[in-house]
Amino acid sequence: MLYTSSYAHALGMAEPPLYWRDALQLNLNTEIIADGWPTMPHSFQPNVLEFATSVELLEKRLLRIISEGLGLHENYFDGGLCQAPHIIVNSYPKCPEPTWAMGMPMHCDPGVLTISLLGDVPGTQIYENGEWFRVVPDMNSLLVTVGHQLQVISNGAFKAPIHRETVNSDRARITISRVSEPAGDYVVGPARELITTTNPPKYKSFKYEEYLEHHFLHYKNTCLILERYYMSS
């Protein structure tokens, strides 16, 4: 799926002309991997698949380490929690008025993990303690971002960071990310093994497709979506 600006734009929802981005989303279902993928340049498919395969191996290692750290069995995330992976290639062209536009507004990622190659042009910023901090890009490094689903599964032990993408007038920027998400009908909730009398569930269980619906409807501030699933609400 090729879209400009944001998911809201792709879905035909009204939005102010604020975002400055082109994006290409590629499903990683191996049975239909070539369906809809660009065929030119010829190097595109093999290069993206090589990246996706390598990052998948890294992701599995990370999720096993996370499982061990939480006290879950090492294969906890091997089921439906990461059943719908995809690649997103983001292009942020040079912007003549970068103070008027954003690459992406502040948001939290919806899935389990996002692993990104940021290139060598700065633009990603993370929000903490009332300030925005720039992520220094490195062509030899990957940025791993916790998504809302991992926050829920870990019962709040992991936090999905608030972040955004800025643009500049000097250099175009391209990033590529592998995103892991559950299938739409997968029910997400705090892992049962983590729930005790001293650590009660902080979140209600929900179908991922229900969460995504709210994510798209509140695309200008996805950071607050989990509030509707707090146990106290």
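The values are calculated or read from the model by the stated rules, or taken from the named source; none is laboratory data. Here the structure is a predicted model, which is why all the values come from computation and not from measurement. A quick note on method: Cβ atoms are made from the backbone with ideal geometry, for glycine too, and the neighbour counts reach across all protein chains shown.
Points to keep in mind about this one:
- Residue check for residue 92: in contact (Cβ under 8 Å) with a residue 40 or more places away in the chain and of a type in the set (Phe, Trp, Tyr): yes
- Cβ pairs under 6 Å, 6+ apart, first in region 152-178 and under 23 Å from residue 130 (Cβ atoms) and modelled with pLDDT of 95 or more, second among the basic types (Lys, Arg) and part of a loop (DSSP other than H, G, I, E, B): 156/202
- Number of the exception - residue 166 against (1) buried (at least 16 other Cβ atoms within 10 Å of the Cβ); (2) under 16 Å from the mean Cα position of the chain (by Cα): (2)
- Total residues in region 192-210, condition closer than 16 Å to residue 156 by Cβ, touching a residue at least 40 places away in the same chain (Cβ under 8 Å) and surrounded by 15 or more Cβ atoms within 10 Å (Cβ to Cβ): 4
- Among the residues of this structure, residue 220 does not count as one that is at pLDDT 90 or above and either farther than 22 Å from residue 71 by Cα or surrounded by 15 or more Cβ atoms within 10 Å (Cβ to Cβ) (or both).
- Members of region 194-224 that are in contact with a His (Cβ under 8 Å, 6 or more places away or on another chain) and farther than 23 Å from residue 143 by Cα: 211
- Here residue 108 fulfils each of the conditions (1) over 19 Å from residue 51 (Cβ atoms); (2) out of contact with any helix residue (DSSP H, G or I) (no Cβ under 6 Å at 6 or more places or on another chain); (3) in contact (Cβ under 8 Å) with a residue 24 or more places away in the chain apart from (2).
- Of the residues in region 64-83, none is surrounded by 15 or more Cβ atoms within 10 Å (Cβ to Cβ), in contact (Cβ under 8 Å) with a residue 12 or more places away in the chain and under 20 Å from residue 119 (Cα atoms).
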